[in-house]
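Here the structure comes first, spelled out in structure tokens, and everything after it is commentary.
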Amino acid sequence: MASLRDIKNRITSTKKTSQITKAMQMVSAAKMNKAEMNAKSFVPYMEKIQEVTASIALGSKDVSHPMLTSRPVKKTGYLVITSDRGLAGAYNSNVLRNVYQTIQKRHKSPDEYAIIAIGRVGRDFFKKRNMNVILDIVVVADQPAFAEIKDIASKTVGMFADETFDELYMYYSHYVSAIQQDVTEKKLLPLTDISSSKKLTSYEFEPSAEEILKVLLPQYAESLIYGALLDSKASEHAARMTAMQNATDNAKDLINSLSLSYNRARQAAITQEITEIVGGAAALE
């Protein structure tokens with residue numbers, strides 16, 4: 001049985017740990033609120049650029065662009081968004097397990113796929129397994145600006161145009177609520193299923209629809225990546241807040257259990273001392 005000092009030391013260390021997890025929970029809650037606002041405020045822009053892109057691509061019969069056309073798939077790209085840090089519950093593991101199982105099912109050789117990793121956890125996961133990571137970015141801010149990921153987004157779109165891969169899938173954690181985040185697979189390129197929920201608008205083009213699409217389609221694809229990153233960041237902070245709340249609750253339960261054990265051990269020690277004193281006094285008589 002552990003000594004009174006050992007139990008007391010465990011209670012003290014657990015209390016200190018619970019203070020840390022409580023503080024992390026509060027920080028994550030504040031970050032989650034801001035990240036949720038960022039993700040929601042980006043939605044109107046995405047809806048509008050999707051509407052304009054769909055109107056041009058679907059409203060002009062003679063318009064063609066490589067990003068709108070499917071081609072024989074020789075190599076598949078996977079853009080995976082994870083966090084730079086752990087302590088977020090199953091946030092990272094759910095995404096990585098989904099991607100890993102999909103790759104194992106679809107491909108027999110590393111030459112058939114390429115991985116673009118956003119986040120340190122995802123990058124390290126794939127590199128430890130010697131999987132084909134061709135591009136990565138780490139240390140992404142908690143409230144990322146588009147300028148921070150513009151380089152990797154434009155390179156990703158450029159690699160599709162250069163036929164480094166022939167299709168691109170994006171995996172991230174979609175924010176539903178503070179207690180629910182769903183792993184999402186989205187086909188990013190080619191943009192074969194581009195559509196708009198609103199009525200298509202007729203536009204006059206200057207100089208031409210094809211010239212506008214050359215500029216607009218890469219921007220649209222980059223915006224999809226940025227929107228997914230904002231969504232994923234909100235999920236990350238929500239998952240970390242929940243994980244830290246659970247850790248704090250578990251610490252409280254452990255403290256209560258240890259306190260009970262401490263009181264029982266202390267009572268047993270006092271009873272033992274009293275018994276020894278009484279026994280000694282009886283022996284002297």
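Structure above, values below:
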| quantity | calculated |
| --- | --- |
| Residue in segment 200-213 that is of a type in the set (D, E), free of Cβ contacts under 8 Å to residues at least 24 places away in the same chain, open to solvent by 40 Å² or more (accessible area, probe 1.4 Å) and not in a helix (DSSP H, G or I) present | yes |
| R5, sole failed condition from (1) at pLDDT 90 or above; (2) assigned to a helix (DSSP H, G or I); (3) exposed (fewer than 13 other Cβ atoms within 10 Å of the Cβ) | (1) |
| Flag if A88 is touching a residue at least 12 places away in the same chain (Cβ under 8 Å), open to solvent by less than 60 Å² (accessible area, probe 1.4 Å) and in a loop (DSSP other than H, G, I, E, B) | yes |
| Of all residues making up segment 105-159, the number that are open to solvent by less than 50 Å² (accessible area, probe 1.4 Å), of a type outside the set (G, A, S), assigned to a loop (DSSP other than H, G, I, E, B) and closer than 29 Å to P72 by Cα | 3 |
| Odd one out for S64 among (1) of a type in the set (G, A, S); (2) surrounded by 14 or more Cβ atoms within 10 Å (Cβ to Cβ); (3) in contact (Cβ under 8 Å) with a residue 24 or more places away in the chain | (2) |
| Yes/no for K74 being modelled with pLDDT of 90 or more, assigned to a loop (DSSP other than H, G, I, E, B) and more than 13 Å from the chain's Cα centre (by Cα) | yes |
| Residue in segment 8-24 that is farther than 24 Å from D249 by Cα and out of contact with any Lys or Arg (no Cβ under 7 Å at 6 or more places or on another chain) present | no |
| Residues of segment 235-264 satisfying the condition of being under 16 Å from A178 (Cα atoms), open to solvent by less than 30 Å² (accessible area, probe 1.4 Å) and more than 14 Å from the chain's Cα centre (by Cα) | M244 |
| Pairs where the first residue, in segment 260-284, is under 28 Å from N9 (Cβ atoms) and of a type in the set (F, W, Y) and the second is open to solvent by less than 90 Å² (accessible area, probe 1.4 Å) and assigned to a helix (DSSP H, G or I), C-beta under 6 Å, 6+ apart | Y262/I7 |
| Residue identified as of a type in the set (S, T, Y), in a helix (DSSP H, G or I), buried (at least 16 other Cβ atoms within 10 Å of the Cβ) and touching a strand residue (DSSP E or B) at 6+ places or on another chain (Cβ under 8 Å) among T53, T102 | T102 |
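The values are calculated or read from the model by the stated rules, or taken from the named source; none is laboratory data. Keep in mind it's a predicted model, so treat the numbers as computed, not measured. When we count neighbours, we look across all protein chains shown, and the Cβ atoms used for this are built from the backbone with ideal geometry, even at glycine. Surface areas here come from the heavy atoms of the whole protein model, side chains and all, with no ligands, DNA or RNA. Shrake-Rupley method; radii C 1.70, N 1.55, O 1.52, S 1.80 Å.
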